[in-house]
Amino acid sequence: KAGVTQTPRYLIKTRGQQVTLSCSPISGHRSVSWYQQTPGQGLQFLFEYFSETQRNKGNFPGRFSGRQFSNSRSEMNVSTLELGDSALYLCASSLAPAGAYNEQFFGPGTRLTVL
Amino acid sequence: GENVEQHPSTLSVQEGDSAVIKCTYSDSASNYFPWYKQELGKRPQLIIDIRSNVGEKKDQRIAVTLNKTAKHFSLHITETQPEDSAVYFCAASKGNTPLVFGKGTRLSVIA
């Protein structure tokens, strides 16, 4: 099976712009979670989608949003970018909802740099 | 909500020695504890996990122990090798809640 893929892999934006990141889960996986990874902060949970519904949301401002399509592909959007949004954004997919003993498979990430 | 503390943040060991990484969690209802390894420039990958009804689990050179009373769990790597060098993340979850990760431990194995 093909692994989790994310596009684009690298992105450079300027403050105030918006950005859309895409994640394609492993075939058959219906859950997609998004994480922000920054040095020293580990992986911070953004949100999780399962069967096109947002199941959980982390403690991030409303500028961060996401959605999931009927084919389980997911997108996350960040509006009005700030310098502090520079990070590696990882998505992870699993067969069932995240946390229910289901292994999460991570994508390679999208490295976002905000100038 | 759940909070996971991970120590140490960096760890250097000689090749062949053992490495131990410790995590504590705050929510006594958490019942699933996976460990992920992230090599430089690569994606995190699950290396071992443990559920609350088990006290210890081993997989070759890797073992995880869980103390529910004290709310802490540890990763043990024996006979470390250079390819064990990576960042290791612990996480905790209960039922249908998302994983909460620790901040990671950068392990360096010195040949």
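Among the listed pairs A:57/B:22; A:13/B:42; B:42/B:103; B:58/B:103, give every one whose C-alpha distance is greater than 21 Å.
Violating the 21 Å Cα-Cα cut-off are A:57/B:22; A:13/B:42; B:58/B:103.
Counting Cβ atoms of other protein chains within 10 Å of each Cβ in B:97-109 and taking the mean gives 5.
Across peptide A:37-46, the average count of Cβ atoms from other chains found within 10 Å of a residue's Cβ is 5.
Length, then width, then depth: along the principal axes, the Cα atoms of chain B run 41, 27, 20 Å.
Taken along its three principal axes, the alpha carbon spread of the stretch A:31-103 comes to 34, 24, 17 Å, from the longest extent down to the shortest.
Each value in this text was obtained by applying a stated rule to the coordinates, not by laboratory testing. Predicted model only: the values in this text are computed from it and were never measured. Virtual Cβ from ideal backbone geometry, glycine too; neighbours counted across all protein chains shown.
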